[in-house]
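What follows is a set of notes on a single structure, which appears directly below.
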């Protein structure tokens, strides 16, 4: 049920039937690019809306819950404002790098979502080393942040960029290590296969304690890696105005903004894929009836349900925890998360060696 | 199709590396280098060596270039430009480069590269098994030597960056009343 | 992996154990006890060196990536002796300068990691390991050259070294990739068989050679030598001039004489030219130096040229003369550097002019220096004479008489500047000569070993015969 493979294949066959192979391939690529660009924009809009609402609920902010029906006009207003604002450029900035920075960030964010498996057969780029590729590409975004901070020729921006550089480089390790722990269990890096290994139970349930530890380590570290609160030091408003994107306005600012939200989605999607079974429905042991009902819900819905849950968790973190100081942040990574991760990795390796994993 | 991509990537690599060498702004050079390294990763993906490509992205584009940019940020002076070299030096260097390139191309054209059988598939299992195989055709020893190399270099970096204070000042016995 | 395999990699495993023990000692000793690391390190390394000499074994590991035999074993043991003398001579300096800054153990760790790299390099069975060994032996030395980083010159030395080293390894890597492209293999044994002697291989080999020549500081690649020797701490300069150079000579010897028979004509011609250039330029520049460290640096360049003479013949005598000369050069040069280090540490002086009248105040140090310089110049009956003698014999038996003549002329030139120092120490009178310098026990032990080596190698003829016998198979 609900297998997208045939649909995707029939589109491919149609294109190949109509055009010559080269043109068909090019068309396929264009189609994929367009779909993902649209997805990118929609995700951004939806997440901005959700963020506004959640934040408003948590902090009793009045505006976002009142504008339009259920606050929907707020997003429209946000988007209009960003589109219509004057693109201010700093006089003594390095123009080329200043304009390049938002694109690098967007490119990194966009590339990563191409690997996310939304449902069976609904994945643009299913390579053998999926997880490694995600870790690799998501580490490119930091270049954009560093460039943005430097080329703005502004001390707040520079400090923000330096902070984010230190932060991302450190927390990347924990993200990688916690995913590596899971790779020990799954035995593969390919995202579609990882999901298939969870047909008889999600890893967070059948992966014993290490999987649970790895889940929380991953969540913490990747929230830090995408610069979200409580780790949003690079753009700490109270000290750095707006951090590395202080000097950006209008659409260029929107690029940073969008990339941040899409990154949040990606993190949640990876967490879902690796720990929460991806698009696999929730099953409970031998309850055949219950399982059948669960199977009835489309996988893509399952996927987005799980992702929303994780995203809600992340927003919850952001709006309830106070922001860390930079030394606390680095101490947390190097003195607590990293050793814990390494211990967890060794522990999991022993478990796998003994054959106790699901 | 693959050929077109190959030529596009090559053009990108060549032009960006030239720009990286010729640019007189430090950070721009680093950014062009970033482009070069990413494009090289593109080559690896093109020939289906996904693992190598991802490693190239992580280690070079995401790791080394970030370090380079980071260290340039520490010398924050946005107006800094390297001095323009003398035209005579440019001429000599250019002539040498062209001569070298001509000789090199000549040599490469004249000789056949011996073909090595590429592994059937370069998936992760093959990579892992080759990397950690102590027998013939395996690379366990270099793998371990590299880890020693990294340890040694790390010690070296730490010792250069270490704070200079005498042992007596920092020892807790002395600070205690 | 069984016991025999472990025994085969004994040198490396022992050294790794020493490195790990000292690392742990550094972690667990509290700040005040850190200076205890010096005797601990020396003792551990002494044990390692002594154990290293025993049971030479022959064999291969890791599918041919690691190989060893009697000759390679001897090379490693020679490097061991050199490193032992270097760290022995550095003991007092470490206690006086490094212990207050809490940077003792790192000095030893870096030297040893570099030595470990050299082990892997000479034992390498394929080009990948050669390159990794070359890197591992080079990179820690850059940190060592910049060890006194607060001194401008030392930091400069570190930067110069790492930049040149980076360039050299890039060129080496290019060479390796060309060789691989042409032959399709990394394995040294296959490389020799696959080679067709075409120009691509020649170019690859020259590129590869450039990287090694940088470490030997042959002439077009020698520019870093004087500056780095002058700026780096004296023990590091000594290390660079003897151990680093020795390992590079050894690997060059193994590659040229063992695995690249097809390129023989090429490298004989290349090295013929480089030997002449290196000897002459090194000596001529040494004539003008007033700073003793710079002078020794150029003398080291010139000596590298002499070593290249041994490569003129790929027969047994060529190999034996190179190894014997390295052994002799090790003792002589380390003795000279030891004296310079002692004087520099206690008085901070390092000019030839400062050495005037040294014999009156420091007779014993002057005598050691005299022996070392005479041995470097090649005056009988010291070991240096025999070292050069065998090299010249090699050249003569290969029939390169022009080269021989140039080499002899160069020996005379080198004698001149070595004698300049001797004259300053013994014949010149100075109104305010350097005060009496009391060297510490470790330095004294190091110098005694060096002097014993210089004298004994000149007297005992059995050493050369033993090396000659070992060189029968590479």
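A compact table of results
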item: Residue-averaged [θ]222 nm for chain C, counting only DSSP H segments that reach four residues, each worth -39500 (n - 2.57); result: -24500 deg cm²/dmol
item: As computed over the range B:123-163, the Cα convex hull volume per residue (Å³); result: 65
item: Viscosity 0.692 mPa s, 37 °C: Kirkwood-radius Stokes-Einstein D of chain A over Cα pairs, µm²/s; result: 151
item: Mean projected area in nm² (Cα convex hull; one quarter of hull surface) for the range C:37-89; result: 4.2
item: Where only C-alpha atoms are counted, convex hull volume of the range B:1-78 per residue in Å³; result: 66
item: Binned Cα-Cα distance frequencies in the range A:141-287 - 10 Å width, integer %; result: 12, 36, 25, 18, 9, 1, 0
item: Cβ-based exposure ranking for A:126, A:286, in which fewest neighbours within 10 Å come first; result: A:286, A:126
item: Cα-derived Rg over Rh, computed across the range A:285-358 with Rh taken as Kirkwood radius; result: 1.16
item: Separation of the residue C:190 and residue B:86 label points, Cα + 7 Å toward Cβ, nm; result: 5.0
item: Shielding by partners, peptide C:180-193 (average Cβ within 10 angstrom, other chains); result: 2
item: Taking only Cα atoms of chain C, radius of gyration then Dmax in Å; result: 21.3, 68
item: Overall Cα dimensions of the range C:249-337 - principal axes, largest extent first, Å; result: 45, 25, 17
item: Percent RCO, i.e. relative contact order, over the range A:1-114, from Cα pairs under 8 Å lying at least 6 residues apart; result: 18
item: Sites residue A:249 and residue A:59 - FRET efficiency at Förster radius 30 Å, r taken between beta-carbons, to 0.05; result: 0.75
item: Chain A: calculated mean residue ellipticity at 222 nm from DSSP helix runs of at least 4, using -39500 (n - 2.57); result: -23000 deg cm²/dmol
item: Ordering of A:87-98, C:116-127, A:168-179 by burial proxy (mean other Cβ atoms within 10 Å per residue, highest first); result: C:116-127, A:168-179, A:87-98
item: Between the range A:261-293 and the range A:306-326, the Cα center-to-center distance that results, in Å; result: 20
item: Among A:71, A:130, A:289: highest mean-square fluctuation, GNM of chain A, C-alpha pairs under 10 Å; result: A:289
item: Cβ neighbours within 10 Å from other chains - mean over B:130-138; result: 3
item: Burial ordering of C:112, A:319, fewest other beta-carbon atoms within 10 Å first; result: A:319, C:112
item: Least to most buried among A:55, B:97, C:471 (fewest other Cβ within 10 Å first); result: B:97, A:55, C:471
item: Bins of 5 Å, starting at 0 and running to the largest distance - Cα pair percent for the range A:29-156; result: 2, 9, 13, 14, 16, 16, 16, 10, 4, 0, 0
item: Surface/4 estimate of mean projected area, convex hull on alpha-carbon atoms of the protein assembly as shown, nm²; result: 48.8
item: Packing-based ranking, highest mean first, of C:425-438, C:318-331 given that Cβ atoms within 10 Å are counted; result: C:318-331, C:425-438
item: Highest-first arrangement of B:52-60, C:9-17, where packing means the average Cβ count within 10 Å; result: B:52-60, C:9-17
item: Whether the range C:1-259 is rounded, prolate or oblate, judged on the alpha carbon gyration tensor where a/c under 1.5 counts as rounded; result: oblate
item: Cα-derived Rg over Rh, computed across the range C:263-474 with Rh taken as Kirkwood radius; result: 1.01
item: Reciprocal mean inverse distance between Cα atoms of the range C:95-232 - Kirkwood radius, Å; result: 16.1
item: Neighbouring partner chain Cβ atoms per residue of C:99-105, average, 10 Å criterion; result: 5
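FYI, it's all coordinate maths here, none of it is from the lab. Computed from a prediction, not measured in an experiment: that's the story for all the values here. Methodologically, a virtual Cβ is constructed for each residue, glycine included, from the backbone with ideal geometry; neighbour enumeration extends over all protein chains shown.
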